[in-house]
Amino acid sequence: MKKGKFISSLIILLLAAGAVFLLGWVQFLVKPGECGVMVSKTGGIYPEPIVSGSFLWRWEKLLPTNAHIRVFSLAPYKVKQTISGELPSSALYSMQLASHPDFSYRVEVSLQLTASPERILKAVKDEDIKNQTELNSWYEVKSKIAAQSILDYIFEHRKESLLDPKTISSQDLIQIAKENSDLEGIEILSAELVSSRLPDTDLYTLAKESYASYQASLNQNLEEKTKELASQILEEERSLKQLEKFGELLQKYPQLEELSKSGDFTQIIGALKTLR
């Protein structure tokens, strides 16, 4: 009888130990090709990513509702990014040339990128990413940064080396994007320039210089007109003062009124001399 009770107690203890083990064993919750980040109320974000094949047991999981695992896919994120726009003040500069050239640009880049479990953990810490949808949005932002880096490189080197964007290899595009510090910890698996439409930068410079010359000429003409107007206003003020003085003379010497009607100022001046 005692032996039976002992065996029963041992079985219960083993079952309890097994239950505790399973509750605290977090690694089995993460499948191959995924990584997990444990977040608990008692400890916050666990400082190491959880990956399949690496044993991890945590006591935080023993407390009900205390901890949960945010699971993310490690599969590459595939996307096509289009960067479009126009050179600064291009509409204004285009009007300076008879052909009204188009100074807009459009570049489409196909990308595959992924992040290591450690980089995903950092993203969760920095930006509180909670699920795969939010991680995909994070990848979307990073892919736009990569596409913009490629476009900036093309603009920077196109004129000085007569660079044809179509001749840039996939490996070169990957290297260009990797040099952006905002993509640190992110692996770009592939990059392809699908299409590109770029403006004529020499023509843009010509239009810009033409506009600057036009503005300088316009400012000079405006300055001359301003001086002429100021001189005209000054002359009108002088004339008004002269009229005011003449009115005072008529009040002082009423006999000049008849002479003023004739408009002969020579007679008026002569009369003033006799009056004085």
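Surface composition of the range 64-138: carbon plus sulfur atoms contribute 51% of the solvent-accessible area (1.4 Å probe, protein chains only, all chains present). Per-residue extension of 0.36 nm, minus the Cα-Cα distance of HIS100 and HIS68, leaves a gain of 5.5 nm for this segment.
In the neighborhood of PRO76, defined by Cβ-to-Cβ distances under 15 Å, what is the net charge if each Lys or Arg adds +1 and each Asp or Glu adds -1? Counting the neighbours of PRO76, the net charge comes to 0.
Could you work out the percent of alpha carbon pairs in the range 107-210 separated by over 18 Å, rounded to a whole number? Above the 18 Å cut-off, the range 107-210 has 53 percent of its Cα pairs. What residues qualify as long-range amide H neighbours of LEU74, i.e. H under 5 Å apart, gap of 5 or more or another chain, H built at 1.01 Å from N? Residues meeting the criterion, in which the H sits 1.01 Å from N, are GLU34, CYS35. When the listed pairs LYS78/LYS178; LYS122/LYS178; LYS31/LYS80; LYS122/LYS166 are checked against a 25 Å cut-off, the alpha-carbon distance exceeds it for LYS31/LYS80; LYS122/LYS166. Over all other residues within a Cβ to Cβ distance under 15 Å of VAL109, the charged ones net out to +3, with Lys and Arg as +1 and Asp and Glu as -1.
If R0 is taken as 30 Å, the Cβ-Cβ distance between LYS80 and SER52 corresponds to a FRET efficiency of 0.50. Give, as a single signed number, the net charge of other residues whose beta carbon lies under 15 Å from the beta carbon of LYS144, with Lys and Arg counted +1 and Asp and Glu -1. Cβ neighbours under 15 Å give a net charge of 0. When all protein chains stay in place and ligands, DNA and RNA are ignored, the 1.4 Å accessible-area order of ARG106, ARG119, ARG158, largest first, is ARG106, ARG158, ARG119.
The values are calculated or read from the model by the stated rules, or taken from the named source; none is laboratory data. All figures in this text were calculated on a predicted structure; none of them were measured in a lab. So basically every Cβ, Gly included, is an ideal-geometry build from the backbone, and we count neighbours across all protein chains shown. Side chains are part of the model used for accessible areas, which takes the heavy atoms of the whole protein and leaves out ligands, DNA and RNA. Shrake-Rupley method; radii C 1.70, N 1.55, O 1.52, S 1.80 Å.
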